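Read-outs throughout are calculated quantities, based only on the coordinates presented, and are distinct from any laboratory measurement. As the structure is a prediction and not an experimental result, all values here were calculated from the model. For neighbour counting, all protein chains shown are included, and Cβ atoms are generated from backbone atoms with ideal geometry for every residue, glycine included.
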Amino acid sequence: MCCSGSVYHYREQWKNYRSTEQFLGREQVFFLTGEGGYKEFKSAQAVFIYFVERCEKVRSKQKMHQP
């Protein structure tokens with residue numbers, strides 16, 4: 001019985017890592033192609049800053065769910 005809790009925790013942690021990885025992959029595609037929220041920016045610097053902010057926001061959420 002004691003191990004079932006750790007298996008459940010591992011499963012939840014894996015799901016969190018996987019969703020973060022999928023988001024970052026999609027975000028990279030949008031960044032590289034200039035699609036999604038990246039269409040509205042005029043300068044490369046503004047696009048890059050937006051990309052970094054979005055990635056850091058997701059990373060910080062993911063860190064909050066770590067043990």
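Summing Lys and Arg as +1 and Asp and Glu as -1 over all other residues whose Cβ lies under 15 Å from the Cβ of GLU35 gives a net charge of +1. Rounded to the nearest Hz, the phi-derived 3J(HN,Hα) couplings of region 31-37 under the Karplus curve 6.51 cos²θ - 1.76 cosθ + 1.60 (θ = phi - 60°) are 4, 5, 9, x, 9, x, x, where x marks glycine and proline. Calculated mean residue ellipticity, 222 nm, the chain: -28000 deg cm²/dmol, from DSSP H runs (n ≥ 4) at -39500 (n - 2.57) each, averaged per residue and rounded to 500. Taking every lysine pair in region 2-64 that is 8 or more places apart or spans two chains, those with Cα atoms closer than 24 Å amount to 5.
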